[in-house]
Ligand code: COA
């Protein structure tokens with residue numbers, strides 16, 4: 001047991017430092033690291049989405065720290081977009097491999113853990129997905145042992161003997177406050193709910209969509225969970241007896257996830273709860289494992305789609321917004337699953353109905369997150385377009401049909417000009 005600044009003194013200039021992700025970010029260690037900035041040069045900080053602050057991207061730390069985000073969250077987005085921080089595109093399923101194969105050889109992992117059990121094992125709590133593989137491959141592990149970190153079960157443990165330094169902390173985890181879903185998201189949720197069979201296993205991506213889908217599943221039976229991330233909506237459906245995981249064909253009886261982000265209600269629910277298992281993303285997001293779930297329904301959001309079915313979810317034109325995360329892992333896994341449904345959903349418009357998210361071409365610089373070869377179903381508030389196995393002409397027709405009515409003539413005209421219709 002030591003204090004944060006003593007623990008952090010082992011970090012040297014030029015080190016590659018992993019920062020625990022999701023809601024399991026080690027805030028006390030981050031603050032202590034920033035306090036050491038004047039003594040350090042070229043320390044690279046690597047992480048996925050984090051829900052704590054990211055003070056290390058402040059311009060005043062330039063030269064001391066350089067951020068490298070594997071999924072861009074709101075706390076680093078401006079820095080990435082201004083070129084003061086880096087972004088590495090990578091599938092969530094393949095992030096552990098970057099560490100294990102020493103493509104990103106981690107010197108120090110900064111993590112947040114639950115207090116040890118009677119056998120000396122700490123749980124990674126709400127963020128196992130990429131944090132456990134990162135720590136497993138690191139030379140040095142500096143851990144906050146936070147009394148408020150829930151003890152989640154699964155492949156989620158590390159023995160105290162592996163920890164180089166331990167700093168005791170006691171502060172609440174960051175919380176996601178669930179707002180009311182907009183009308184358009186509720187209509188999307190209704191379309192999706194109508195496609196989901198009883199007994200299905202669900203993955204929900206990130207953004208405004210998952211809550212709206214879950215809110216529409218109140219009449220379903222025996223749903224299961226296999227997902228990189230879940231939040232409070234899953235707890236509600238479990239308490240209502242709708243999520244039982246009883247018909248799952250992979251990890252029956254268990255909700256399987258990589259990380260969790262929600263309110264204290266969620267964190268209390270997952271604490272020591274045998275129905276919830278957290279695993280690294282190389283396991284949860286492996287498309288082959290995902291496909292072992294029959295009736296696997298993957299539900300992911302997007303920013304834009306072109307008339308051929310190319311889905312962009314990580315950039316707005318050339319401006320990086322997020323990352324691929326687990327989208328394609330789950331789209332491919334669900335496509336292979338017996339009875340699986342790979343779904344992409346997006347509101348038909350953005351920016352107060354001034355932009356159609358269904359466009360003839362993707363704007364220059366847009367990333368293709370789900371390719372037109374992988375795409376199956378697209379859902380907007382106007383309906384569902386089934387694209388798989390369809391020609392470009394059929395795709396353009398189906399997508400125009402679910403575009404906002406005010407853009408349909410414009411899209412039809414553009415599709416003719418492009419030779420799609
Ligand atoms: N053109 C211009 N601006 C657009 C746009 C477009 N085509 N589409 C969206 N925007 C704007 C929105 O207006 C919004 O701006 P605002 O914050 O000023 O209101 C912003 O971009 C975010 O769009 P929104 O649709 O509200 O995002 P979201 O929070 O629901 O998240 C994704 C949607 C696609 C960004 C999110 O799901 C994501 O990052 N996905 C990554 C891949 C993935 O699905 N991985 C699986 C989970 S790890």
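Taken together, the values in this text are just the output of simple stated rules run on the coordinates, not laboratory data. Quantities reported herein were computed from a predicted structural model and do not represent experimental measurements. Heads up, the Cβs are rebuilt from the backbone with ideal geometry, glycines too, and the neighbour counts pull from every protein chain shown.
Quick look at the numbers
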read-out	value
Relative contact order (%) - criterion: Cα under 8 Å, at least six apart; region: the chain	14
Rounded to 10°, Cα long-axis angle of helix 408-417 versus longest principal axis of the chain	80
Alpha-carbon gyration tensor eigenvalues x 5, square-rooted, for the chain, Å	37, 26, 17
Calculated Rg and Dmax of segment 209-283 using C-alpha coordinates, Å	11.6, 33
Helix 183-195 vs. the chain, principal-axis angle (Cα, 0 to 90°, nearest 10)	80
Antiparallel content of DSSP bridges confined to the chain, in %, to 5	20
Rounded to 10°, Cα long-axis angle of helix 327-336 versus longest principal axis of the chain	60
For a label point 7 Å along the Cα-to-beta-carbon line of residue 418, residues of segment 303-341 with backbone N under 18 Å	303-318
Per-pair calculated FRET efficiency, R0 = 30 Å: residue 78 and residue 410 via Cβ, rounded to 0.05	0.40
The chain: most fluctuating residue of 314, 86, 170 per GNM, C-alpha cutoff 10 Å	170
P(r), alpha carbons of segment 1-60 - 5 Å bins starting at zero, rounded %	4, 17, 31, 27, 16, 4, 0
Equivalent ellipsoid semi-axes - Cα gyration tensor, segment 119-250, angstrom	35, 17, 13
Centroid-to-centroid separation of segment 102-120 and segment 28-85 [C-alpha atoms, Å]	19
Rg/Rg_globular for segment 4-169, with Rg_globular taken as 2.2 N^0.38 Å and Rg from C-alpha atoms	0.96
Taking the convex hull of Cα positions in segment 183-417, its mean projected area over all directions (nm²)	12.2
Between segment 240-303 and segment 7-21, the Cα center-to-center distance that results, in Å	31
Potential lengthening between residue 3 and residue 272 on full extension [0.36 nm per residue; Cα-Cα distance subtracted]	94.1 nm
Helix-derived mean residue ellipticity, 222 nm - over the chain, DSSP H n ≥ 4, -39500 (n - 2.57), to 500	-7000 deg cm²/dmol
Whole-angstrom gap from segment 352-421 to segment 149-200, using each part's C-alpha centre	32
Relative compactness, segment 279-369, computed as alpha-carbon Rg over 2.2 N^0.38 Å	1.18
